[in-house]
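Scroll down for the structure; my scribbles are underneath it.
The values are calculated or read from the model by the stated rules, or taken from the named source; none is laboratory data. Just so you know, these numbers come straight off a predicted model, no measurement behind them. Note: ideal-geometry Cβ built from the backbone for every residue, glycine included; neighbour counts use all protein chains shown. Heavy atoms of the whole protein, side chains included, go into the accessibility calculation; ligands, DNA and RNA do not. Shrake-Rupley method; radii C 1.70, N 1.55, O 1.52, S 1.80 Å.
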Amino acid sequence: MVDAMRHSPHGRSAARWRATAAALALAVAVAAAALAPTTASAAGGPAGSVFTQTNAQRYQAGLPALVSDPALDAAAAEWARHLASSCTFAHSSSTWRSSRVSASGWIATGENIAAGQPDATAVVTSWMNSPGHKANILDKRYTGLGVGYATGSCYRTYWVQIFGIGTPRKALPGGAGDLTSDRAADVLARSANGDLLVYPGTGSGAFRPAVTALQGWGNRPFVTLGDFTGDGIPDIARTEADGRLMLFSGNGRGGFGTPTQIGTGWSKFSQLIGGIDFDGDGLTDIIARTAGGELHLYRGNGRGGWLASGGGAKIGSGWQIMTAVSYVGDMNGDARGDLVARRSNGTLWLYPSTGKGGWAAPVQIGQGWNSLTAIFGAGDFDGNGTQDVIARDANGKLVLYGGTGRGGFLAGKVVGQGWSTMAQIG
(Lines give C-alpha, C1' and ligand atoms only; values in the text may rest on other atoms or scores of the structure.)
Protein backbone atom coordinates (compact mmCIF):
# COMPACT_ATOMS: atom_id res chain seq x y z
CA MET A 1 0.00 0.00 0.00
CA VAL A 2 1.20 3.52 -0.75
CA ASP A 3 0.18 6.53 1.36
CA ALA A 4 0.45 9.99 -0.18
CA MET A 5 -0.28 13.41 1.31
CA ARG A 6 0.74 17.03 0.87
CA HIS A 7 -0.36 20.02 2.97
CA SER A 8 -0.44 23.70 2.30
CA PRO A 9 0.41 26.00 5.25
CA HIS A 10 -3.31 25.96 6.09
CA GLY A 11 -3.62 22.17 5.97
CA ARG A 12 -5.34 22.00 2.54
CA SER A 13 -4.12 19.47 -0.02
CA ALA A 14 -2.16 21.03 -2.92
CA ALA A 15 -1.92 17.97 -5.17
CA ARG A 16 -4.09 15.61 -7.21
CA TRP A 17 -3.13 11.98 -7.25
CA ARG A 18 -2.99 9.50 -10.08
CA ALA A 19 -4.60 6.07 -10.06
CA THR A 20 -1.22 4.38 -10.00
CA ALA A 21 -1.10 4.52 -6.19
CA ALA A 22 -2.61 1.56 -4.41
CA ALA A 23 -3.94 3.64 -1.52
CA LEU A 24 -4.14 7.40 -1.04
CA ALA A 25 -4.93 9.74 1.84
CA LEU A 26 -5.43 13.49 2.21
CA ALA A 27 -6.39 15.69 5.15
CA VAL A 28 -7.96 19.13 5.55
CA ALA A 29 -7.91 20.81 8.95
CA VAL A 30 -9.78 23.86 10.24
CA ALA A 31 -9.43 26.00 13.35
CA ALA A 32 -12.35 27.16 15.53
CA ALA A 33 -13.49 27.21 19.16
CA ALA A 34 -14.77 23.95 20.70
CA LEU A 35 -18.42 23.59 21.70
CA ALA A 36 -20.13 20.73 23.52
CA PRO A 37 -22.19 18.45 21.24
CA THR A 38 -25.26 16.36 21.81
CA THR A 39 -25.25 12.60 21.26
CA ALA A 40 -26.29 10.78 18.11
CA SER A 41 -26.00 7.33 16.53
CA ALA A 42 -23.16 6.40 14.19
CA ALA A 43 -23.59 5.30 10.60
CA GLY A 44 -23.59 1.57 9.99
CA GLY A 45 -21.46 -0.82 7.91
CA PRO A 46 -17.82 0.02 7.12
CA ALA A 47 -18.49 3.70 7.89
CA GLY A 48 -19.69 2.74 11.37
CA SER A 49 -16.51 0.70 11.93
CA VAL A 50 -14.39 3.71 10.99
CA PHE A 51 -16.37 5.84 13.43
CA THR A 52 -15.85 3.33 16.26
CA GLN A 53 -12.13 2.90 15.58
CA THR A 54 -11.61 6.66 15.32
CA ASN A 55 -13.10 7.15 18.76
CA ALA A 56 -10.96 4.31 20.08
CA GLN A 57 -7.89 6.28 18.98
CA ARG A 58 -9.18 9.37 20.76
CA TYR A 59 -9.88 7.35 23.90
CA GLN A 60 -6.30 6.08 23.95
CA ALA A 61 -5.11 9.67 23.67
CA GLY A 62 -7.29 10.78 26.58
CA LEU A 63 -9.66 12.81 24.38
CA PRO A 64 -13.48 12.91 24.50
CA ALA A 65 -15.35 10.83 21.96
CA LEU A 66 -16.70 12.46 18.81
CA VAL A 67 -20.45 12.24 18.29
CA SER A 68 -21.95 11.06 15.04
CA ASP A 69 -24.46 13.32 13.33
CA PRO A 70 -26.77 12.57 10.39
CA ALA A 71 -25.80 15.77 8.54
CA LEU A 72 -22.07 15.03 8.83
CA ASP A 73 -22.68 11.40 7.82
CA ALA A 74 -24.77 12.45 4.82
CA ALA A 75 -22.14 14.94 3.62
CA ALA A 76 -19.31 12.42 4.02
CA ALA A 77 -21.32 9.74 2.20
CA GLU A 78 -22.18 12.14 -0.61
CA TRP A 79 -18.53 13.11 -1.14
CA ALA A 80 -17.43 9.47 -1.04
CA ARG A 81 -20.01 8.64 -3.72
CA HIS A 82 -18.81 11.61 -5.79
CA LEU A 83 -15.21 10.40 -5.65
CA ALA A 84 -16.23 6.87 -6.58
CA SER A 85 -18.49 7.88 -9.47
CA SER A 86 -16.06 10.48 -10.90
CA CYS A 87 -12.94 8.37 -10.41
CA THR A 88 -11.21 11.33 -8.71
CA PHE A 89 -9.35 11.87 -5.46
CA ALA A 90 -9.66 15.41 -4.12
CA HIS A 91 -11.07 17.23 -1.13
CA SER A 92 -14.45 18.89 -0.99
CA SER A 93 -14.36 22.62 -0.30
CA SER A 94 -15.25 24.17 3.04
CA THR A 95 -18.10 25.98 1.25
CA TRP A 96 -19.47 22.67 -0.06
CA ARG A 97 -19.35 21.13 3.41
CA SER A 98 -20.86 24.18 5.08
CA SER A 99 -23.81 24.19 2.69
CA ARG A 100 -24.71 20.69 3.87
CA VAL A 101 -24.03 20.82 7.61
CA SER A 102 -24.38 24.40 8.85
CA ALA A 103 -28.16 24.09 9.24
CA SER A 104 -27.53 21.29 11.73
CA GLY A 105 -25.42 23.51 13.97
CA TRP A 106 -21.89 22.80 12.72
CA ILE A 107 -19.91 26.05 12.47
CA ALA A 108 -16.66 24.65 11.06
CA THR A 109 -15.45 21.41 9.48
CA GLY A 110 -12.30 19.51 8.57
CA GLU A 111 -11.80 16.47 6.36
CA ASN A 112 -9.77 13.31 5.86
CA ILE A 113 -10.08 11.32 2.65
CA ALA A 114 -8.48 8.08 1.54
CA ALA A 115 -8.76 5.56 -1.28
CA GLY A 116 -7.69 1.99 -1.84
CA GLN A 117 -7.67 0.68 1.74
CA PRO A 118 -9.58 -2.62 1.91
CA ASP A 119 -11.36 -2.14 5.23
CA ALA A 120 -11.97 0.17 8.19
CA THR A 121 -8.95 -1.03 10.17
CA ALA A 122 -6.63 -0.45 7.24
CA VAL A 123 -7.84 3.09 6.57
CA VAL A 124 -7.76 4.18 10.22
CA THR A 125 -4.26 2.71 10.56
CA SER A 126 -3.21 4.57 7.42
CA TRP A 127 -4.55 7.85 8.75
CA MET A 128 -2.95 7.37 12.17
CA ASN A 129 0.42 6.75 10.48
CA SER A 130 0.14 10.11 8.68
CA PRO A 131 0.80 13.25 10.77
CA GLY A 132 -1.83 15.39 9.04
CA HIS A 133 -4.62 12.84 9.32
CA LYS A 134 -3.67 11.91 12.86
CA ALA A 135 -3.82 15.59 13.80
CA ASN A 136 -7.42 15.74 12.60
CA ILE A 137 -8.43 12.57 14.41
CA LEU A 138 -6.84 13.74 17.67
CA ASP A 139 -7.82 17.42 17.40
CA LYS A 140 -9.53 18.27 20.68
CA ARG A 141 -11.48 21.09 19.04
CA TYR A 142 -13.56 18.69 16.98
CA THR A 143 -16.78 17.49 18.58
CA GLY A 144 -18.52 15.57 15.75
CA LEU A 145 -17.64 13.12 13.00
CA GLY A 146 -19.37 11.91 9.87
CA VAL A 147 -18.01 8.98 7.87
CA GLY A 148 -18.65 8.09 4.24
CA TYR A 149 -17.72 4.94 2.33
CA ALA A 150 -18.20 4.07 -1.34
CA THR A 151 -16.78 1.73 -3.96
CA GLY A 152 -15.72 2.54 -7.51
CA SER A 153 -13.69 1.24 -10.42
CA CYS A 154 -10.46 3.27 -10.06
CA TYR A 155 -9.37 2.95 -6.43
CA ARG A 156 -12.07 0.40 -5.50
CA THR A 157 -12.71 1.88 -2.03
CA TYR A 158 -13.21 5.51 -1.03
CA TRP A 159 -13.27 6.77 2.55
CA VAL A 160 -14.26 10.22 3.83
CA GLN A 161 -14.23 11.66 7.34
CA ILE A 162 -15.85 15.06 7.92
CA PHE A 163 -15.11 16.51 11.35
CA GLY A 164 -17.37 19.15 12.85
CA ILE A 165 -17.08 21.88 15.45
CA GLY A 166 -20.32 23.06 16.97
CA THR A 167 -23.44 22.00 18.79
CA PRO A 168 -25.50 19.86 16.42
CA ARG A 169 -29.25 20.23 16.20
CA LYS A 170 -30.71 16.88 15.27
CA ALA A 171 -34.13 15.64 14.33
CA LEU A 172 -35.36 12.47 15.95
CA PRO A 173 -35.04 9.51 13.54
CA GLY A 174 -38.03 8.05 11.74
CA GLY A 175 -39.24 4.48 11.88
CA ALA A 176 -39.32 1.92 14.64
CA GLY A 177 -35.70 2.69 15.54
CA ASP A 178 -33.04 0.41 16.97
CA LEU A 179 -35.15 -2.07 18.95
CA THR A 180 -32.33 -4.61 19.39
CA SER A 181 -29.50 -2.31 20.57
CA ASP A 182 -27.15 -3.18 17.72
CA ARG A 183 -27.02 0.42 16.39
CA ALA A 184 -28.99 -0.44 13.25
CA ALA A 185 -32.52 0.62 12.29
CA ASP A 186 -35.14 -2.14 12.57
CA VAL A 187 -38.62 -2.71 11.11
CA LEU A 188 -41.67 -3.70 13.15
CA ALA A 189 -44.51 -5.77 11.68
CA ARG A 190 -47.87 -7.10 12.83
CA SER A 191 -48.61 -10.51 11.36
CA ALA A 192 -51.97 -11.75 10.14
CA ASN A 193 -52.31 -13.97 13.22
CA GLY A 194 -51.77 -11.03 15.57
CA ASP A 195 -48.14 -11.43 16.61
CA LEU A 196 -45.74 -8.51 16.73
CA LEU A 197 -42.43 -9.20 14.96
CA VAL A 198 -39.15 -7.27 14.89
CA TYR A 199 -37.04 -7.55 11.75
CA PRO A 200 -33.55 -6.41 12.82
CA GLY A 201 -31.76 -4.34 10.22
CA THR A 202 -28.14 -5.02 9.34
CA GLY A 203 -27.27 -1.33 9.08
CA SER A 204 -26.59 -1.73 5.36
CA GLY A 205 -30.05 -2.13 3.82
CA ALA A 206 -30.93 -5.73 4.69
CA PHE A 207 -32.64 -7.79 7.41
CA ARG A 208 -31.61 -10.43 9.89
CA PRO A 209 -34.07 -13.19 10.90
CA ALA A 210 -37.25 -11.98 12.60
CA VAL A 211 -37.65 -11.89 16.38
CA THR A 212 -41.07 -12.29 18.03
CA ALA A 213 -41.56 -9.20 20.16
CA LEU A 214 -45.02 -9.99 21.52
CA GLN A 215 -47.35 -12.92 20.88
CA GLY A 216 -51.08 -12.31 20.80
CA TRP A 217 -50.86 -8.59 20.10
CA GLY A 218 -54.18 -8.79 18.27
CA ASN A 219 -55.60 -6.65 15.52
CA ARG A 220 -54.99 -3.20 17.04
CA PRO A 221 -52.50 -1.03 15.10
CA PHE A 222 -49.19 -0.24 16.77
CA VAL A 223 -47.71 3.26 16.84
CA THR A 224 -43.95 3.77 16.78
CA LEU A 225 -43.01 6.47 19.31
CA GLY A 226 -39.24 6.80 19.20
CA ASP A 227 -37.75 7.13 22.69
CA PHE A 228 -40.89 8.29 24.50
CA THR A 229 -39.67 7.32 27.98
CA GLY A 230 -36.21 8.88 27.84
CA ASP A 231 -34.19 5.73 28.46
CA GLY A 232 -32.56 5.67 25.03
CA ILE A 233 -34.68 2.75 23.77
CA PRO A 234 -37.55 3.12 21.25
CA ASP A 235 -41.09 2.52 22.47
CA ILE A 236 -44.48 1.83 20.89
CA ALA A 237 -48.13 2.40 21.78
CA ARG A 238 -51.58 1.02 21.04
CA THR A 239 -55.07 2.49 21.29
CA GLU A 240 -57.50 0.02 22.84
CA ALA A 241 -61.12 -0.34 21.68
CA ASP A 242 -62.30 1.60 24.75
CA GLY A 243 -60.01 4.55 23.90
CA ARG A 244 -57.23 3.91 26.40
CA LEU A 245 -53.75 4.69 25.07
CA MET A 246 -51.25 2.08 26.25
CA LEU A 247 -47.49 2.57 26.26
CA PHE A 248 -45.22 -0.44 25.62
CA SER A 249 -41.67 0.44 26.62
CA GLY A 250 -38.90 -1.16 24.59
CA ASN A 251 -36.45 -3.39 26.44
CA GLY A 252 -33.58 -3.01 23.96
CA ARG A 253 -33.62 -6.73 23.17
CA GLY A 254 -36.33 -6.75 20.52
CA GLY A 255 -39.19 -6.92 23.00
CA PHE A 256 -41.47 -4.71 25.07
CA GLY A 257 -42.44 -4.47 28.71
CA THR A 258 -45.81 -4.57 30.48
CA PRO A 259 -48.14 -1.92 29.04
CA THR A 260 -48.86 1.28 30.95
CA GLN A 261 -51.91 3.46 30.44
CA ILE A 262 -50.98 7.01 29.39
CA GLY A 263 -54.32 8.38 28.25
CA THR A 264 -58.05 7.92 27.63
CA GLY A 265 -60.43 9.03 24.89
CA TRP A 266 -58.04 8.29 22.01
CA SER A 267 -60.54 6.24 19.97
CA LYS A 268 -61.72 9.47 18.31
CA PHE A 269 -58.52 9.51 16.25
CA SER A 270 -58.12 7.58 13.01
CA GLN A 271 -54.31 7.56 13.16
CA LEU A 272 -51.51 8.37 15.59
CA ILE A 273 -48.10 9.47 14.32
CA GLY A 274 -45.31 9.21 16.86
CA GLY A 275 -41.57 9.87 17.02
CA ILE A 276 -41.57 13.53 15.97
CA ASP A 277 -40.28 16.46 18.03
CA PHE A 278 -42.74 18.96 16.60
CA ASP A 279 -42.17 21.84 18.99
CA GLY A 280 -38.36 21.72 19.11
CA ASP A 281 -37.93 20.92 22.80
CA GLY A 282 -35.98 17.73 22.09
CA LEU A 283 -38.77 15.48 23.37
CA THR A 284 -40.89 12.99 21.42
CA ASP A 285 -44.44 14.08 20.63
CA ILE A 286 -47.52 12.44 19.09
CA ILE A 287 -49.59 13.87 16.25
CA ALA A 288 -53.16 12.56 16.19
CA ARG A 289 -55.31 12.68 13.04
CA THR A 290 -59.11 12.71 13.11
CA ALA A 291 -61.34 11.17 10.46
CA GLY A 292 -62.28 14.71 9.47
CA GLY A 293 -58.67 15.52 8.64
CA GLU A 294 -57.61 17.60 11.64
CA LEU A 295 -54.16 17.15 13.21
CA HIS A 296 -53.68 17.59 16.95
CA LEU A 297 -50.38 17.76 18.80
CA TYR A 298 -49.77 15.98 22.11
CA ARG A 299 -46.44 17.03 23.64
CA GLY A 300 -44.43 14.33 25.39
CA ASN A 301 -42.51 15.07 28.60
CA GLY A 302 -39.63 12.70 27.82
CA ARG A 303 -40.55 10.43 30.75
CA GLY A 304 -43.41 8.41 29.30
CA GLY A 305 -46.12 11.04 29.83
CA TRP A 306 -47.33 14.45 28.75
CA LEU A 307 -46.40 18.05 29.38
CA ALA A 308 -49.05 20.00 31.27
CA SER A 309 -49.51 22.25 28.24
CA GLY A 310 -49.44 19.36 25.79
CA GLY A 311 -53.14 18.54 25.47
CA GLY A 312 -54.13 18.36 21.85
CA ALA A 313 -53.44 21.71 20.17
CA LYS A 314 -54.74 21.80 16.60
CA ILE A 315 -51.85 21.99 14.11
CA GLY A 316 -53.46 21.13 10.79
CA SER A 317 -56.61 20.48 8.77
CA GLY A 318 -57.53 18.99 5.41
CA TRP A 319 -55.56 15.80 5.98
CA GLN A 320 -58.55 13.58 5.15
CA ILE A 321 -57.26 13.46 1.56
CA MET A 322 -54.17 11.59 2.74
CA THR A 323 -54.19 7.83 2.23
CA ALA A 324 -50.89 7.30 4.07
CA VAL A 325 -48.96 9.45 6.55
CA SER A 326 -45.66 8.61 8.25
CA TYR A 327 -43.01 10.38 10.28
CA VAL A 328 -39.72 10.03 8.39
CA GLY A 329 -37.17 12.02 10.42
CA ASP A 330 -35.16 14.74 8.72
CA MET A 331 -35.58 14.14 4.99
CA ASN A 332 -34.47 17.55 3.69
CA GLY A 333 -31.34 18.20 5.75
CA ASP A 334 -32.60 21.09 7.89
CA ALA A 335 -32.26 19.15 11.19
CA ARG A 336 -36.04 19.17 11.76
CA GLY A 337 -38.46 16.26 11.58
CA ASP A 338 -40.72 15.79 8.56
CA LEU A 339 -43.83 13.88 7.55
CA VAL A 340 -44.34 12.09 4.25
CA ALA A 341 -47.94 11.88 3.07
CA ARG A 342 -49.59 10.27 0.05
CA ARG A 343 -52.59 12.11 -1.32
CA SER A 344 -55.57 10.32 -2.84
CA ASN A 345 -54.27 11.08 -6.35
CA GLY A 346 -51.12 9.04 -5.69
CA THR A 347 -48.73 11.98 -5.32
CA LEU A 348 -46.23 11.86 -2.46
CA TRP A 349 -45.56 15.01 -0.45
CA LEU A 350 -42.97 16.06 2.09
CA TYR A 351 -44.35 18.15 4.95
CA PRO A 352 -41.35 19.72 6.71
CA SER A 353 -41.84 20.93 10.26
CA THR A 354 -40.29 24.21 11.40
CA GLY A 355 -39.08 22.79 14.72
CA LYS A 356 -41.14 25.50 16.44
CA GLY A 357 -44.60 23.99 16.37
CA GLY A 358 -45.49 24.74 12.76
CA TRP A 359 -45.10 23.64 9.15
CA ALA A 360 -42.94 24.82 6.30
CA ALA A 361 -44.30 24.71 2.74
CA PRO A 362 -45.06 21.17 1.52
CA VAL A 363 -43.10 19.84 -1.45
CA GLN A 364 -44.19 17.15 -3.91
CA ILE A 365 -41.51 14.46 -4.01
CA GLY A 366 -43.18 11.70 -6.00
CA GLN A 367 -46.12 10.49 -8.07
CA GLY A 368 -47.67 7.13 -8.89
CA TRP A 369 -47.48 5.93 -5.28
CA ASN A 370 -51.13 4.83 -5.10
CA SER A 371 -50.22 1.25 -6.06
CA LEU A 372 -48.24 0.79 -2.85
CA THR A 373 -49.96 -0.90 0.07
CA ALA A 374 -47.70 0.50 2.81
CA ILE A 375 -45.40 3.52 3.10
CA PHE A 376 -43.41 4.21 6.24
CA GLY A 377 -40.32 5.93 7.59
CA ALA A 378 -37.48 3.46 8.07
CA GLY A 379 -34.84 5.57 9.80
CA ASP A 380 -31.35 5.26 8.34
CA PHE A 381 -31.97 1.72 7.10
CA ASP A 382 -29.08 1.61 4.63
CA GLY A 383 -26.54 3.13 7.02
CA ASN A 384 -25.42 6.07 4.85
CA GLY A 385 -26.42 8.80 7.29
CA THR A 386 -29.75 9.86 5.75
CA GLN A 387 -33.35 9.01 6.59
CA ASP A 388 -35.07 6.49 4.34
CA VAL A 389 -38.56 5.32 3.35
CA ILE A 390 -39.70 1.74 2.78
CA ALA A 391 -42.80 0.85 0.76
CA ARG A 392 -44.63 -2.40 0.06
CA ASP A 393 -45.94 -3.04 -3.44
CA ALA A 394 -49.01 -5.02 -4.47
CA ASN A 395 -46.90 -8.19 -4.88
CA GLY A 396 -45.59 -8.10 -1.32
CA LYS A 397 -42.14 -6.77 -2.14
CA LEU A 398 -40.50 -4.30 0.22
CA VAL A 399 -38.75 -1.51 -1.66
CA LEU A 400 -36.19 0.74 0.02
CA TYR A 401 -36.17 4.36 -1.13
CA GLY A 402 -32.95 5.70 0.31
CA GLY A 403 -33.09 9.36 1.23
CA THR A 404 -30.64 11.80 -0.36
CA GLY A 405 -30.66 14.05 2.70
CA ARG A 406 -31.89 16.89 0.45
CA GLY A 407 -35.58 15.97 0.24
CA GLY A 408 -35.39 13.30 -2.46
CA PHE A 409 -34.78 9.59 -2.98
CA LEU A 410 -32.17 7.32 -4.46
CA ALA A 411 -33.36 4.64 -6.89
CA GLY A 412 -35.66 2.08 -5.29
CA LYS A 413 -34.13 -1.20 -4.16
CA VAL A 414 -36.02 -4.41 -3.30
CA VAL A 415 -35.07 -5.48 0.23
CA GLY A 416 -37.73 -8.08 0.97
CA GLN A 417 -40.25 -10.53 -0.51
CA GLY A 418 -43.48 -12.09 0.76
CA TRP A 419 -44.62 -9.24 2.99
CA SER A 420 -48.27 -9.36 1.79
CA THR A 421 -49.16 -11.48 4.83
CA MET A 422 -48.32 -8.64 7.21
CA ALA A 423 -51.30 -6.67 8.49
CA GLN A 424 -49.12 -3.66 9.34
CA ILE A 425 -45.51 -2.64 8.79
CA GLY A 426 -43.73 0.33 10.31
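Numbers for the structure displayed
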{"item": "Size descriptor, Kirkwood hydrodynamic radius, that averages inverse alpha-carbon separations across segment 187-425, Å", "result": "18.0"}
{"item": "Net charge, THR264 excluded, C-beta distance under 13 Å - Lys, Arg +1, Asp, Glu -1", "result": "0"}
{"item": "With Cα atoms, 0 to 90° folded angle of helix 70-86 axis to the chain main axis", "result": "60"}
{"item": "Sparsely packed trypsin sites (Lys or Arg not before Pro) within segment 93-157, loop by DSSP, other Cβ within 10 Å at most 11", "result": "LYS140"}
{"item": "Per residue accessible area of segment 187-425, 1.4 Å probe, in Å²", "result": "39"}
{"item": "Between segment 267-310 and segment 222-254, the Cα center-to-center distance that results, in Å", "result": "13"}
{"item": "Normalised convex hull volume, the chain, alpha-carbon set, Å³ per residue", "result": "137"}
{"item": "Loop-located trypsin sites (Lys or Arg not before Pro) in segment 273-367, at most 12 other Cβ atoms within 10 Å (DSSP)", "result": "ARG303, LYS356"}
{"item": "Estimated distance in nm for a label pair at VAL363 and ALA423, the labels positioned 7 Å out from Cα along Cα-to-Cβ", "result": "3.8"}
{"item": "0 to 90° range, to nearest 10: angle between helix 45-60 axis and the chain longest Cα axis", "result": "60"}
{"item": "Centroid-to-centroid separation of segment 139-217 and segment 48-115 [C-alpha atoms, Å]", "result": "17"}
{"item": "Helix-derived mean residue ellipticity, 222 nm - over the chain, DSSP H n ≥ 4, -39500 (n - 2.57), to 500", "result": "-4000 deg cm²/dmol"}
{"item": "Size of electric dipole in segment 187-425: Cβ of Lys, Arg +1 and of Asp, Glu -1, about Cα centre, debye, nearest 20", "result": "460"}
{"item": "Cα gyration tensor shape for segment 112-174, rounded if a/c is under 1.5, else prolate or oblate", "result": "oblate"}
{"item": "Distance in nm between pseudo-label sites at THR52 and ARG141 (7 Å out along the Cβ direction from Cα)", "result": "3.1"}
{"item": "Global form of segment 45-165, assessed from the alpha-carbon gyration tensor, a/c cut-off 1.5", "result": "oblate"}
